[in-house]
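*Asks:* Have a look at the structure that comes next, please.
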Amino acid sequence: MKRIFNPFRHIAGAKALVMGLIFIVAASLISWSSGLVQDSYLHYSYAETTLWRVIALDIFYWLLPALVLYICGLLLTRSRIRIIDVFGTAAFAKLLILPMLAGLLIPSVQVQMKGLLDAFLGGVQPTTAQLTVTMLYGFWSLAWLVLYYVWSYNAYSESCNVRGWKAVLLFILAQVAVTIASSTWGGYLL
């Protein structure tokens with residue numbers, strides 16, 4: 001069970017970085033093929049753009065929180081922190097974004113979610129099917145997102161060799177800061 005919630009005791013460094021970059025590119029391909037783009041930290045929206053822009057934004061939204069967590073680790077510990085471990089484990093944690101996005105490859109999910117969006121934009125009452133599919137996909141996504149945050153914290157904790165309430169507090173503050181900052185100016189990057 002520990003390996004499921006904290007694989008970073010067994011994988012770090014260059015191996016985690018290479019695998020993580022593969023996961024990021026795979027997530028970009030799924031996003032792009034679904035007509036989505038990551039427009040802020042852990043937020044996706046429909047937009048028409050190039051594959052290269054989708055990949056660039058996914059890489060940016062991996063590097064930004066990883067850099068912030070690296071700085072937090074430097075503030076908390078005097079031990080030597082390898083930047084490749086921080087960035088590698090942060091990239092590897094992106095594996096959990098794949099199942100969340102993979103649900104959007106199901107044609108009926110795409111149709112129902114786009115129909116719901118069109119209904120809201122058109123001021124029309126959405127259908128029961130649209131609401132049901134969107135709600136089920138929301139639960140699916142939320143479960144993977146919670147596990148992603150668990151993995152992200154464990155990646156930060158293991159790679160920076162930090163534990164305790166200060167580490168948890170700085171992790172939460174970093175996540176909130178990155179989320180707010182990227183929501184504020186994320187639209188300008190599209």
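*Asks:* Checking the cross-link filter: which lysines have an alpha carbon closer than 27 Å to that of Lys114, excluding same-chain neighbours under 8 positions apart?
*Replies:* Lys94
*Asks:* Which one, Ile59, Val86, Leu76, projects farthest toward the positive side of the charge dipole computed for segment 30-86 from Cβ point charges (K/R +1, D/E -1)?
*Replies:* Leu76
*Asks:* What is the extension gain from Leu75 to Leu121, computed as 0.36 nm multiplied by their sequence separation minus the C-alpha to C-alpha distance, in nm to one decimal?
*Replies:* That pair, Leu75 and Leu121, stretches by 12.0 nm at full extension.
*Asks:* Here's another thing I want to ask about it. Given Cβ point charges of +1 (Lys, Arg) and -1 (Asp, Glu) and nothing else, what value in debye, to the nearest 20, does the dipole of the chain about its Cα centre take?
*Replies:* For the chain, the charge dipole is close to 840 debye.
*Asks:* Please give the FRET efficiency for Tyr46 paired with Val146, using the beta carbon to beta carbon distance and R0 = 25 Å, rounded to the nearest 0.05.
*Replies:* So, using R0 = 25 Å, E works out to roughly 0.55.
*Asks:* Take the alpha-carbon positions of segment 103-190, form their convex hull, and give its projected area averaged over all directions (one quarter of the hull surface) in nm².
*Replies:* Approximately 8.1 nm², given one-decimal rounding.
*Asks:* Using only C-alpha atoms and all pairs of different ones, pull out the Kirkwood radius for segment 104-148 in Å with one decimal.
*Replies:* Across segment 104-148, the inverse of the average 1/r is 11.0 Å.
*Asks:* Moving on to the next point. To check my understanding: the extent here is largest minus smallest coordinate of the Cα atoms along each principal axis. What are those three numbers for segment 31-103, in Å, largest first?
*Replies:* Taking the Cα atoms of segment 31-103, the three principal extents are 45, 20, 17 Å.
*Asks:* Further question: Sequence neighbours fewer than 8 away in the same chain don't count; with that in mind, list the aspartates and glutamates whose C-alpha is under 15 Å from Lys2.
*Replies:* In chain and number order, the partners are Glu158.
*Asks:* Report in % the part of the accessible area of the chain that belongs to carbon and sulfur, leaving out ligands and nucleic acids; probe 1.4 Å.
*Replies:* Carbon with sulfur: 71 percent of the solvent-accessible area.
*Asks:* Restricting attention to segment 7-98, which trypsin sites (Lys or Arg not before Pro) occupy a DSSP loop and are surrounded by at most 15 other Cβ atoms within 10 Å?
*Replies:* Answer in residue order: Arg78, Arg80, Arg82.
*Asks:* Which three extents, in angstrom, do the Cα atoms of segment 70-119 have along their principal axes, listed largest first?
*Replies:* Sorted largest first, the three principal extents are 54, 19, 10 Å.
*Asks:* When Lys and Arg each count +1 and Asp and Glu each count -1, what net charge do the other residues less than 15 Å away from Ala129, Cβ to Cβ, add up to?
*Replies:* Summing Lys/Arg as +1 and Asp/Glu as -1 gives 0.
*Asks:* Based on the Cβ-Cβ distance from Arg9 to Leu64, what FRET efficiency comes out when R0 is 30 Å, to the nearest 0.05?
*Replies:* Taking R0 as 30 Å, the efficiency between Arg9 and Leu64 is 0.75.
*Asks:* Based on alpha-carbon centroids, what's the gap between segment 46-69 and segment 150-173 in Å, whole number please?
*Replies:* 23
*Asks:* Go ahead and estimate [θ] at 222 nm for the chain from helices alone: -39,500 (n - 2.57) per DSSP H run with n ≥ 4, summed, over the residue count, rounded to 500.
*Replies:* -25000 deg cm²/dmol
*Asks:* Any idea what Rg and Dmax come out to for segment 1-60 if you just take the C-alpha atoms, in Å?
*Replies:* 13.8, 40
*Asks:* Could you tell me the relative contact order of the chain? Use alpha-carbon pairs under 8 Å, at least six residues apart, and round to a whole percent.
*Replies:* Relative CO of the chain lands at 33 percent.
*Asks:* For segment 77-171, give the magnitude of the charge dipole about the Cα centre (Cβ charges: +1 Lys/Arg, -1 Asp/Glu; no others), in debye to the nearest 20.
*Replies:* My answer is approximately 480 debye.
*Asks:* Ratio of Rg to Rh for the chain, alpha carbon only, Kirkwood?
*Replies:* That ratio equals 1.01.
The values are calculated or read from the model by the stated rules, or taken from the named source; none is laboratory data. Quick caveat, the model's predicted, so the values are computed rather than measured. Cβ: placed from backbone, ideal geometry, glycine included. Neighbour counts: every protein chain shown. These accessible areas exclude ligands, DNA and RNA; they are computed on the full protein's heavy atoms, side chains included. Shrake-Rupley method; radii C 1.70, N 1.55, O 1.52, S 1.80 Å.
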